[in-house]
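Below is one structure, written out as structure tokens, with a few remarks after it.
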Amino acid sequence: MDMFESKNIKPMLIGEMQDAFNSPDYIYELKLDGERCIAYLDKDTTELRNKRNIKMLVKVPELSQINKQVKRRCILDGELIVTKDGKPDFFEIQRRSMMTNTFKIQLASSSSPASFTVFDILYYDDHEVIDLPLMKRKKLLEKNVKENERIAISRYIEEQGVAFYQLAKENQLEGIVAKRRDSKYYLDKRTKDWIKIKNLQDDDFVVCGYIFKSSSSISIVLGQYSRKKLIYKGHV
């Protein structure tokens with residue numbers, strides 16, 4: 001069955017994490033802190049589904065018209081984000097994903113609108129393009145998508161992965177992704193053609209317990225040792 005009609009795509013996944021590096025064989029993109037989604041767009045409709053194939057448009061109705069920003073029917077791979085203080089805020093997009101109240105969703109869509117940043121194209125017009133090398137898919141993506149405030153194309157740089165990672169780190173972003181220039185798109189596979197270079201911000205904590213909250217969510221109570229004494233640090 002045609003992949004546009006079946007709408008059951010499981011996206012390609014990052015297969016490796018390592019330190020920043022420079023290479024003429026790779027391009028480098030920002031790793032956005034949001035929710036991975038596949039967009040099915042044609043002249044009449046927008047369909048947006050996450051990695052588990054759950055329909056997301058009901059959570060982000062402000063994206064219902066992004067189909068008008070493409071020239072041909074297509075399937076796009078990208079990141080659903082909410083920007084706060086100039087940076088993607090994972091908590092905000094996670095909070096939106098959990099909302100069920102229509103009024104609250106509409107309010108959030110006005111006060112903190114989501115956007116979709118596209119980094120790949122899997123289908124164009126009437127055929128799959130996953131066997132094209134990445135750089136040809138990038139050119140096709142740029143040809144087909146007209147950007148506005150709700151949909152954007154992910155920018156990339158060539159060769160200078162170390163400097164780009166340092167820039168992401170200085171701006172307290174999640175990190176970058178290195179992608180092999182000639183790589184195909186492998187559905188539902190982890191591949192070392194995509195490499196995560198993550199800006200790790202970690203520390204050692206002790207899990208002291210948990211708190212049941214509303215909507216079936218749980219907060220973990222954390223502590224941390226200070227001069228051999230365990231002190232309460234809060235909950236997440």
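The values are calculated or read from the model by the stated rules, or taken from the named source; none is laboratory data. Note that this is a predicted model, so its numbers are computed, not measured. Every residue, glycine as well, gets a Cβ built from its backbone with ideal geometry; the counts of neighbours run over all protein chains shown. Ligands, DNA and RNA are excluded from the accessible area calculation, which covers all protein heavy atoms including side chains. Shrake-Rupley method; radii C 1.70, N 1.55, O 1.52, S 1.80 Å.
Give the number of residues within the stretch 161-218 that are polar (S, T, N, Q) and either outside any loop (DSSP other than H, G, I, E, B) or at pLDDT 95 or above (or both).
6
For every residue, the table says whether it meets (1) part of a strand (DSSP E or B); (2) small (G, A, S).
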| site | (1), (2) |
| --- | --- |
| G15 | yes, yes |
| A20 | no, yes |
| Y26 | yes, no |
| R36 | yes, no |
| K43 | no, no |
| E62 | no, no |
| D77 | yes, no |
| R95 | no, no |
| F103 | no, no |
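Here the stretch 36-68 is the region considered, the condition is being charged (D, E, K, R) and under 22 Å from A178 (Cβ atoms), and the residue that is least open to solvent (accessible area, probe 1.4 Å) is R36.
For the stretch 15-35, the criterion of being open to solvent by less than 60 Å² (accessible area, probe 1.4 Å) and free of Cβ contacts under 8 Å to residues at least 60 places away in the same chain is met by none of the residues.
Scanning the stretch 55-103 for residues that are of a type in the set (D, E, K, R) and at pLDDT 95 or above yields K55, K59, E62, K68, K71, R72, R73, D77, E79.
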